[in-house]
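The values are calculated or read from the model by the stated rules, or taken from the named source; none is laboratory data. Quick caveat: nothing in here was measured; it's all calculated off a predicted structure. Because the Cβ atoms are built from the backbone with ideal geometry, glycine has one as well, and the counts that use them run over all protein chains shown.
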Amino acid sequence: MNATIHSATMEAARERNPERDHREEPTVRCPTCKQTLEPGQGGFRPFCSERCKLIDLGKWLDGSYAIPGEPASDEELAADLQTREDREPRRR
């Protein structure tokens, strides 16, 4: 969520319930470089910068983040696809 939308969302929540102003964004650590981000800091939360955000995206895209286990066989994938097609009506 970009900073402008997030700020607008937080402001709208305060207008609905002014007593909840104390509920700011928590202090978090950037998942990539571990830098501490204070509430309201940076427009790339939970990342500290666009660079760290893109590094994380690259890890997803190159497969660095993966669920451990054996890959599914072609037969298993075909059976799963057939099951889904059987359950869902065909869209035209």
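Taking first residues from segment 51-70 that are at negative phi and partners that are in a helix (DSSP H, G or I) and not aliphatic (A, V, I, L, M), the Cβ contacts under 6 Å between residues at least 6 apart in sequence or on separate chains come to TYR65/LYS59.
Residues of segment 50-78 that are aliphatic (A, V, I, L, M) and within 16 Å of THR32 (Cα to Cα): LEU54, ILE55, LEU57, LEU61.
Out of everything in segment 38-70 that is modelled with pLDDT of 90 or more and aliphatic (A, V, I, L, M), what residue ends up being surrounded by the fewest Cβ atoms within 10 Å (Cβ to Cβ)? Selected residue: LEU61.
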